[in-house]
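Everything below concerns the one structure shown next.
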Amino acid sequence: DVKVTQSSRYLVKRTGEKVFLECVQDMDHENMFWYRQDPGLGLRLIYFSYDVKMKEKGDIPEGYSVSREKKERFSLILESASTNQTSMYLCASSLAPGQQFFGPGTRLTVL
Amino acid sequence: GQQLNQSPQSMFIQEGEDVSMNCTSSSIFNTWLWYKQDPGEGPVLLIALYKAGELTSNGRLTAQFGITRKDSFLNISASIPSDVGIYFCAGQSPGTYKYIFGTGTRLKVLA
């Protein structure tokens, strides 16, 4: 079974803090994704990576950056957290093309 | 970002009833995925479809890849209380890494 894990299930941070969300997959997938999910807005793609050190902006990259130094790990960074970044963050991985598997999600609250 | 049209938005059904939902797109896809998401959790992949006309089952769930490649259907037979949740479709266009998601169908099962 594919396993995608995320470093935290719940996170509370203060405005202006730097926030790191970590994601690890164990199936040697090339592609990894970061989404945020908000009520009424569905799943929105922040960034994705199709190889180590390769990344592309998704639909809403502003205020976020990513890092992929190893194939199995994809990090999402909020350089200076703001209250409008309070959301559910979902990491996913996939072969190309094909099935995409999600992690359990991180519920981030920015105060 | 773009979202797929998914209907119905919500359904209230009696335990034991069959359920049908569908997704439509204005563009063609070469992959259709169906997910279930429980509150506070990440989406779980239920069924993946790769070919126009393909019909695939996973227990009581059956999904079909539409002939036009612009739609997909998910059926749940003999629903049970644990089927409660939000069901999403996702499509992947040829030559792209990205997935586009449906707006979700919220299913409630009355015992």
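Annotations
- Candidates per trypsin sites (Lys or Arg not before Pro) in segment B:1-76, loop by DSSP, up to 15 other Cβ within 10 Å: B:LYS51, B:ARG60
- Ordering A:SER87, B:SER82 by the number of other Cβ atoms within 10 Å of each residue's own Cβ, fewest first, gives B:SER82, A:SER87.
- Farthest toward positive dipole pole in chain A [+1 Lys/Arg, -1 Asp/Glu at C-beta], among A:LEU78, A:ASN31, A:LEU45: A:LEU78
- Neighbour counts of C-beta atoms inside 10 Å place A:GLU62, A:GLU22, A:GLU17 in the sequence A:GLU62, A:GLU17, A:GLU22, starting with the fewest.
- Count Lys and Arg as plus one, Asp and Glu as minus one, and take only other residues whose Cβ is under 14 Å from that of B:ASP18; the net charge is then -2.
- Pairwise FRET efficiency - B:LEU110 versus A:MET27, Cβ, R0 = 41 Å, nearest 0.05: 0.60
- Normalising the average separation of contacting C-alpha pairs (under 8 angstrom, six or more residues apart) by the number of residues puts the relative contact order of chain B at 37 percent.
- Cβ neighbours within 10 Å from other chains - mean over B:61-68: 0
- Three-way shape label, segment B:31-111, alpha-carbon gyration tensor, a/c 1.5: oblate
- Loop sites in segment A:28-111: trypsin sites (Lys or Arg not before Pro), DSSP, at most 12 other Cβ within 10 Å: A:LYS53
- Annotation: for a label point projected 7 angstrom from Cα along Cα→Cβ of A:LYS71, residues of segment A:1-45 with backbone N closer than 18 Å are A:1-5, A:23-33.
- Taking other C-beta atoms within 10 Å as the exposure proxy, B:ILE13, B:ILE67 rank B:ILE67, B:ILE13 from fewest upward.
- Overall form of chain A per C-alpha gyration tensor (a/c, 1.5; a/b vs b/c): prolate
- Rounded Å value of the spacing that divides the Cα centres of segment B:1-43 and segment A:16-61: 22 Å
- Rounded FRET efficiency, nearest 0.05, which uses the C-beta distance separating A:LEU111 from B:SER20 and R0 of 25 Å: 0.05
- Restricting the trypsin sites (Lys or Arg not before Pro) of segment A:1-35 to loop positions (DSSP other than H, G, I, E, B) with no more than 16 neighbouring Cβ atoms within 10 Å leaves A:LYS3, A:ARG9, A:ARG14, A:LYS18.
- Förster radius 41 Å - calculated FRET efficiency between A:LYS57 and B:ALA78, Cβ distance, rounded to 0.05: 0.40
The numbers here are math on the coordinates, done by the rules we state, and not lab data. Small disclaimer: the values here were computed from a predicted structure and weren't measured. All Cβ positions, glycine included, derive from the backbone under ideal geometry; neighbour counts span all protein chains shown.
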